[in-house]
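Down below is the structure, laid out as structure tokens.
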Amino acid sequence: MATMMMLRRFFAAVVLGGVWLLPPGGLALAGDAVPAPPPPRWWGEGEVARVTEAKGDEVATLGQGRVMAKGALAALREVIPKLGDAVEGDLVGKDKAVPGWGKPKADSEAAQALAGPLTRGQLKGLARPFYDRLHDYAPDWLGLRLQENGADQAGGRRYPWGEGDGNDGAPVKVGELKAVFALDFAADNEKEPVTDGIPDLWEYGVVHADPTGKWRDIGGITLANAAQIGAKSAAGPPPKTFALHVAGQVDRRLAGKKPAEAMAMFLDYQPNGK
């Protein structure tokens, strides 16, 4: 397992132009690096795509940092709304990393600041609310992501940077910005005969929120029982993608059926049935 993870990191370094090395003390991402796992889908949407398509060795701007934070927030809220709301409460407001999402007037000091370089301290301020809330909600999920992305080889970290870095005024490159926001909230990476379509983040949240120990791992959470589990779990209801996945499964099985037969199949739907 450890050897495979190292090979994946090496592949990312060779093919994608950089490798995420995180020595104690801070961020160190070379070139146009992205994590070995596929980039999150939300990276290709709207303004975020213009940031992620930029060269990794370019200096990032504060405006680009806020675009990534806003995109990550929307992606998180799409999967687990209440977690997204909590992150935004920590991130946006007076004396917080983002005073507000409104566009400042041209030539104002605020507009000039957004066009200026993003510093390490500012990047940490934008990302910390995500990592703090994700750690509280599903620490095992976050730990796996940090290990996959090469930020935490030993385990135990909460952030993809070292806490001993005193150079928070240094500018951040686009590659570093992308690395810190390499969070795929909707990923379903379970190794099952049939992928259940439920994001791992929510499933790990169920396991973490269960004080009884009934859900020791995410393997027992399926399409058939997710809604019932979510109604009782502190993790909250299943993500929106859960319902869409069920609908897709039903649509495929009903295609070409006569109305009476289709209705019977719909009412007797079993997620892992034929």
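Since every read-out is calculated from the coordinates, none of them should be taken as a lab result. Fair warning: this is a prediction, and the values are worked out from it, not measured in the lab. Positions of Cβ are backbone-derived with ideal geometry, glycine not excepted, and every protein chain shown enters the neighbour counts.
If each residue of separation counts as 0.36 nm, what is the full-extension length gain between Ala49 and Gln147 once their alpha-carbon separation is subtracted?
Extra length from Ala49 to Gln147 when fully extended: 32.8 nm.
Order of 92-105, 75-88, 121-134, 50-63 by packing, highest average Cβ count within 10 Å first?
Per-residue Cβ counts within 10 Å, averaged per peptide and sorted highest first, yield 121-134, 75-88, 50-63, 92-105.
Amide H of Thr61: which non-local residues (sequence gap of 5 or more, or other chain) have their own amide H closer than 5 Å, using H built in the peptide plane?
When sequence neighbours closer than 5 places are left aside, the close amide H contacts are Leu118.
Where a ≥ b ≥ c are the square roots of the eigenvalues of the C-alpha gyration tensor, would you call region 30-116 rounded, which needs a/c under 1.5, or, failing that, prolate if a/b is larger than b/c, or oblate?
oblate
In the calculated pair distance distribution of region 85-135, what percentage of Cα-Cα distances lie above 16 Å?
46 percent
Once you charge only the Cβ atoms, +1 for Lys and Arg and -1 for Asp and Glu, what is the size of the charge dipole of region 42-155 about its Cα centre, to the nearest 20 debye?
My answer is approximately 280 debye.
How high is the FRET efficiency between Glu58 and Lys82 when r is their beta carbon distance and R₀ equals 30 Å, given to the nearest 0.05?
0.25
If I model a spin label as a point 7 Å beyond the Cα along the Cα-Cβ vector, how far apart are those points for Lys94 and Ala111 in nm?
Roughly 2.6 nm, to one decimal.
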